[in-house]
1. For residue 30, work out the one condition from (1) open to solvent by less than 60 Å² (accessible area, probe 1.4 Å); (2) of a type in the set (Gly, Ala, Ser); (3) modelled with pLDDT of 90 or more it doesn't fulfil.
2. Return the residues of segment 37-55 that are part of a loop (DSSP other than H, G, I, E, B), modelled with pLDDT of 85 or more and open to solvent by 40 Å² or more (accessible area, probe 1.4 Å); say none if nothing qualifies.
Amino acid sequence: MINCTGCRAEGVKIGHWSECKIQLCATEKGFITCGECPELETCPIVSFVHKAVPEALENLKNLN
């Protein structure tokens, strides 16, 4: 279980937000969130989220 409402939403973030691999990768590439990345659908870093919560991928794709 991950207690995080996501990068774009107000609310709960994971306790180690500054160490979040997803957030760090997006920042390093100059994006606010991974939803802006052209590699979103094939990303090995965030793929575990897409597998567990398929609607998360669709939500991210629809925000761009």
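1. Single failed check for residue 30: (1).
2. Let us first name the residues in segment 37-55 that are part of a loop (DSSP other than H, G, I, E, B), namely 37-39, 43-46, 53.
Within this subset, residues satisfying the condition of being modelled with pLDDT of 85 or more are 37-39, 43-46.
Within segment 37-55, 38, 39, 44, 45 meet the criteria.
The values are calculated or read from the model by the stated rules, or taken from the named source; none is laboratory data. Everything numeric here is computed off the predicted structure, so don't read it as measured data. The accessibility values were calculated without ligands, DNA or RNA, using every heavy atom of the protein model including side chains. Shrake-Rupley method; radii C 1.70, N 1.55, O 1.52, S 1.80 Å.
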